[in-house]
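Q: Before I ask anything, let me first share the structure, which is written out below as structure tokens.
Any read-out appearing in this document is the output of simple, stated calculations on the displayed coordinates, not a laboratory observation. These figures come from a predicted structure and were not determined experimentally. Backbone-built Cβ (ideal geometry, glycine too); neighbour counts: all protein chains shown.
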């Protein structure tokens, strides 16, 4: 019975479909290929048409969602609550400006003078012209002298504008003052700034183990101060030939501090040098004319009437002798001077105060100079490469440059041939007894003894005692 009812329903459904197809036959004929029914009787659909239909439908849904979802989300967001602010009144100090300008700091560029540089070289290196240099020279006033005498190590501070133009220049007028030139105003100005200078006393003791400079370095002295020590005793000690192992020195000297920073070495206050068992002393003392000098304990100037060696040499190439085989002539003849080998161009100094008696060419001596010091003593200098500016009859002072080392005349290499003559007769410069300088006058001698020698000698004696005690207490190599 159920099967009969199901068959009747199926027959009615088919009758309705056939009726609908007859009534709408034109629609079924036009759209029959849209069917997803893949029966063999129906033509399969074309994939490209189906792809475009599906893509269009998806795009339409996306656009509609894009408009609907933000609007819905905005509608669901709660309305913002305005933030409450409270205004408080603050009292400002009456004397304090509301906005104080921030001061600008000048950017000074520091340039250190190198060996061989001139002031124009330094200005050119900063991109400045000779016109800028002339402006500085015109504005320098009393500080102009320092600009004419620059030395390696000096510092110049440049203040440049954003366009590279010169706005200011700072430099040391002397050790204790600095000149500041400003060119960024209506008119150039120059100001002199005083520096805070301070002398701090130092004490050093050294023992010669290899060289004077090595001993000074071990004692905490810089090379410049060791050089001053050697200059002080160079009249009594030949530091090339006379120095021996075990020689010692004790020095009291000043270091110069400027604006709280070490500026350089000062002067020696007192010194003691023991060379081959002989004790030499030197004390600084202000003379009647206001200048400083150095004197031994007996009040005689350390600076002798004559320099024992008038040139910085590398070695003695030939000594004073009664007979020597001449290196060029090949003959035995006396060598009545000392030959100091040194590089060509090394300065030669006058051994003492005097007057130039001869200046010119002298046979085998080449370029030759003779200085007459007094009625009996003269010195002679041979083989110069060239002379200095002095002329015959001109007075020269001890240490003044009179020429330069060379090998003119009969010479096999650059050196100075130096002679010391007494009444026209050559004497050995290394052994001749030099006349002692005159001591201080009586009044100055008394002040020198009381104010300098007694207190400084007491200090040196105390230092020597402390050094000996330290050596006595020092452990030996055999101690465990």
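Q: I want to confirm something. Restricting to segment 242-288 and keeping residues that are in contact (Cβ under 8 Å) with a residue 40 or more places away in the chain and not in a strand (DSSP E or B), which single residue is surrounded by the most Cβ atoms within 10 Å (Cβ to Cβ)?
A: 247
Q: Looking at segment 381-437, what strands (runs of 3 or more DSSP E) fall wholly within it and have at least 2 residues that are buried (at least 20 other Cβ atoms within 10 Å of the Cβ) and more than 35 Å from the chain's Cα centre (by Cα)?
A: By residue number, 415-422.
Q: Which of the residues spanning segment 212-231 are in contact (Cβ under 8 Å) with a residue 12 or more places away in the chain and either crowded, with 21+ Cβ neighbours inside 10 Å or out of contact with any strand residue (DSSP E or B) (no Cβ under 7 Å at 6 or more places or on another chain) (or both)?
A: 212, 213, 215, 216, 221, 225, 226, 229, 230
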